[in-house]
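Working notes, structure below.
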Amino acid sequence: MNNNYRLNPWLSSANSYAAGVTFEELMMKYSFKREEILRLAGNESTIGASPKALEAAKEALLSSNYYDEPNCEELMDALIDDFKDSTPHINKLGFVIGNGMDKVIEHILCLSIQAGDTVINFSPTFDFYSFCTLKMGAKVLDLGRDEKDFQPCVKHLAADIDRHETETGSKVKVMFLCTPNNPTGNILSLSEIEDIAKICEEKNIILFIDHAYIEFTDRETFEATKIIHKYPHMVIGYTFSKAYGLAGYRVGYALMHQELKNIYLKYNTPFLCAKPSLKAAKAAIRDSEHFKKIIDNNNNERPKIEQALSELGFKVYKSHTNFILFEISENLDEQKKLAIYEHLDKDVREKDITGAIMEYLFSKGIILRRSKATSDYAIRMTIGTEAENQRVIKALSAI
Ligand SMILES: Cc1ncc(COP(=O)(O)O)c(C=O)c1O
């Protein structure tokens, strides 16, 4: 690495974050118009944002020349109002707002992590945790997940932490637990979360529970808000990017104990979110009808896609989210592979079978996300509307 800039040494091995294929890439490659492309790759909502949220954002544009409140207090209050009935002891707790949940994650790490410290991760999971950790010169202790059901390997958690700290001299400061998990779609029960929380509490480790997809499952049963009041080291992250259809507005938030929130705010970057984004988020919380429309569409479509993909011979993983992970059989015999390649253009025949299928879908204007997290044969599909999902199933049926 050219070090004329006296960069941090660990940055020489850092990779930039890999996002999925964009509309623009496909428009260039296959000459599609934007409206012809179906992107079900980023777990965004294709139904879109609440019209009330868009109206609120438009109104906020009129006062663009003024900063909003430094810590987004108005949205914090609206969130308290939204969570108060389902969250015990909410008076002990508070929200912080970030420029996407990504920014909250980064900020939480900034509070305690120094170069050389350790962050625990259970991969396959959301890549951003390790991306951010490595960017700060910290280490990732990846305890992994069970190969069959993707539950995190926590059977010997306390001993694993002790051994790591003794062997490396590096302190474990933060743990990321994504539930439901991206990209595998599985979820932890509250008692499983609680077992992990107890160990984090004993060892002074911040436990970041990522609930980016919690709205798409039974919140009453699985949401960690029910137990957070008992665990001052617990932080629960949320986002407006998925169930509220506001990915482009970049608003995320997290619930934590007041004491930690006060520390967080002391070091928060002021005026972090754009005013139209904040107003849109607040209006989106209040538009329960639109929210329900997105959730109902997802939860009606999910079993239908799971069934259709299974009938096509894919291995489908049970999902509690707005996406489905499926795999092409590793054992596909040569004859079947050839039959699939028969349907593909010449130039994709050199690719491996998953790459070839992805490229075939691109040529039909469909963007899904290849996931190398579980195997070389996995693809992740965001759940769209009935017509959009049918379009994907029809394209896959043809091969
Ligand atoms: C598990 C998980 N956490 C966090 C995020 C980031 O959310 P945001 O768009 O609010 O930064 C994502 C986005 O895909 C995600 O999948």
Review point. Only one residue in Ala18, Ala57, Ala53, Ala49 is within 16 Å of the ligand (Cβ to nearest atom) and in contact with a Lys or Arg (Cβ under 9 Å, 6 or more places away or on another chain), so which one is that?
Key: Ala53
Check your understanding: Quick check: anything in the range 91-101 more than 16 Å from the ligand (Cβ to nearest atom) and open to solvent by 50 Å² or more (accessible area, probe 1.4 Å)?
Key -> yes
Check your understanding: When the range 380-398 is examined, which residues are found to be open to solvent by 20 Å² or more (accessible area, probe 1.4 Å) and without any contact (Cβ under 8 Å) to a residue 60 or more places away in the chain?
Key -> Ala387, Gln390, Lys394, Ala398
Check your understanding: Restricting attention to the range 286-293, does a residue exist that is assigned to a helix (DSSP H, G or I), buried (at least 17 other Cβ atoms within 10 Å of the Cβ), within 21 Å of the chain's Cα centre (by Cα) and of a type outside the set (Ser, Thr, Tyr)?
Key -> yes
Point to revise | From the options Leu338, Leu325, Leu344, Leu309, residue that is part of a strand (DSSP E or B) and either at pLDDT below 95 or outside the structural domain of Lys148 (by TED's automatic domain parsing) (or both) | key: Leu325
**Study point:** Residue within the range 265-272 that is in contact with a Lys or Arg (Cβ under 8 Å, 6 or more places away or on another chain), at pLDDT below 95, open to solvent by less than 50 Å² (accessible area, probe 1.4 Å) and at negative phi present
**Key:** yes
Review point. Of the residues Phe176, Phe216, Phe240, Phe208, which single one is in the same structural domain as Ile80 (by TED's automatic domain parsing) and touching a Pro at 6+ places or on another chain (Cβ under 9 Å)?
Key: Phe216
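Of the residues Lys203, Lys261, Lys275, Lys226, which single one is open to solvent by 20 Å² or more (accessible area, probe 1.4 Å), within 15 Å of Leu79 (Cα to Cα), over 19 Å from the mean Cα position of the chain (by Cα) and of a type outside the set (Phe, Trp, Tyr)?
Lys261
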Point to revise | Single residue of the range 120-155 satisfying the filter (surrounded by 16 or more Cβ atoms within 10 Å (Cβ to Cβ) and acidic (Asp, Glu)) that is nearest to the ligand (Cβ to nearest atom) | key: Asp127
Check your understanding: Is it true that some residue in the range 128-142 is of a type in the set (A, V, I, L, M, F, W, C) and in a loop (DSSP other than H, G, I, E, B)?
Key -> yes
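The values are calculated or read from the model by the stated rules, or taken from the named source; none is laboratory data. Keep in mind that this is a model prediction, so the values were computed, not measured. Neighbour counts are summed over all protein chains in view; Cβ atoms, including those assigned to glycine, are modelled from backbone coordinates with ideal geometry. Protein only, heavy atoms only, side chains kept; ligands, DNA and RNA dropped before computing areas. Shrake-Rupley method; radii C 1.70, N 1.55, O 1.52, S 1.80 Å.
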